[in-house]
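Below: the structure, in structure tokens.
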């Protein structure tokens with residue numbers, strides 16, 4: 001007789017840096033919705049930890065209002081996070097940024113509007129909740145300030161490298177050229193009457209990460225207007 005041998009193979013999979021939670025997500029039809037909850041489909045594991053507190057995913061569904069709704073057992077800040085729904089081959093089928101969601105803290109829900117269903121009954125997916133990509137944005141307190149009034153600009157960084165201090169500089173765009181100006185996350189600038197000035201900010205870190213914002217334009221009124 002041939003000797004039969006049993007071999008066990010263990011595979012260790014490491015989640016990408018910045019991952020808060022990973023779970024199997026197998027949606028099914030639940031009334032007029034498609035998704036999973038405690039009694040239908042699969043969300044496993046359904047608990048994750050933020051700080052020292054545990055939170056449970058009660059449901060993830062796509063409803064007939066063309067919305068994806070995530071419901072937890074209690075509200076927790078997911079600011080800067082992204083939800084990826086990943087196919088078995090590793091490709092990302094759908095990504096939902098928390099910054100795009102309507103948040104109801106009382107109901108502990110996050111709602112996204114989608115024109116079509118992101119999944120179907122019987123799909124086999126993985127849910128990953130992770131830190132979103134680093135980005136920098138610039139805002140102005142007034143895009144059309146009165147004459148002789150300066151504009152106040154603020155650069156905001158989301159999902160920057162943890163534990164590293166950012167370094168900022170601003171660029172002012174005028175007549176087709178850019179000029180460096182300022183070295184903090186805020187800038188106060190007074191343009192001449194009739195000027196339209198573009199502003200953008202760059203943030204750098206010691207690990208080599210460098211991000212530059214989209215530009216914002218500010219216009220001061222022409223004399224006599």
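Working only within segment 93-110, note down all residues that are more than 25 Å from residue 135 (Cβ to Cβ) and out of contact with any strand residue (DSSP E or B) (no Cβ under 9 Å at 6 or more places or on another chain). 106 - this is the single residue of segment 93-110 that is more than 25 Å from residue 135 (Cβ to Cβ) and out of contact with any strand residue (DSSP E or B) (no Cβ under 9 Å at 6 or more places or on another chain). The single condition among (1) surrounded by 13 or more Cβ atoms within 10 Å (Cβ to Cβ); (2) in contact (Cβ under 8 Å) with a residue 60 or more places away in the chain that residue 122 does not satisfy is (1).
Can you find a residue that is under 17 Å from residue 16 (Cα atoms) and touching a strand residue (DSSP E or B) at 6+ places or on another chain (Cβ under 8 Å) anywhere in segment 70-79? No: zero hits.
For beta carbons closer than 9 Å, sequence separation of 6+ or different chains, a first residue in segment 35-48 that is without any contact (Cβ under 8 Å) to a residue 24 or more places away in the chain and a second that is buried (at least 18 other Cβ atoms within 10 Å of the Cβ) and in a loop (DSSP other than H, G, I, E, B), the qualifying pairs are 38/46; 40/27; 41/27; 42/27. When the residues of segment 141-175 are filtered to those that are touching a residue at least 60 places away in the same chain (Cβ under 8 Å), surrounded by 18 or more Cβ atoms within 10 Å (Cβ to Cβ) and in a strand (DSSP E or B), which remaining residue is nearest to the chain's Cα centre (by Cα)? Looking at residues that are touching a residue at least 60 places away in the same chain (Cβ under 8 Å), surrounded by 18 or more Cβ atoms within 10 Å (Cβ to Cβ) and in a strand (DSSP E or B), I get 153. Give segment 44-69 a look and list any residue that's outside any strand (DSSP E or B) and within 18 Å of residue 19 (Cα to Cα), or say none. Across segment 44-69, the qualifying residues are 45, 46, 51, 52.
Give the residues of segment 75-104 that are assigned to a loop (DSSP other than H, G, I, E, B) and surrounded by 11 or more Cβ atoms within 10 Å (Cβ to Cβ), sorted by residue number. Before you say what the answer is, go through the steps one by one.
Applying the first criterion (assigned to a loop (DSSP other than H, G, I, E, B)) to segment 75-104 yields 75-80, 87-91, 101.
Correct list: 75, 76, 78, 79, 80, 87, 101.
Bear in mind that the values in this text are calculations on the coordinates, not laboratory data. Predicted, not measured: the structure shown is a model, and the values here were computed from it. So basically every Cβ, Gly included, is an ideal-geometry build from the backbone, and we count neighbours across all protein chains shown.
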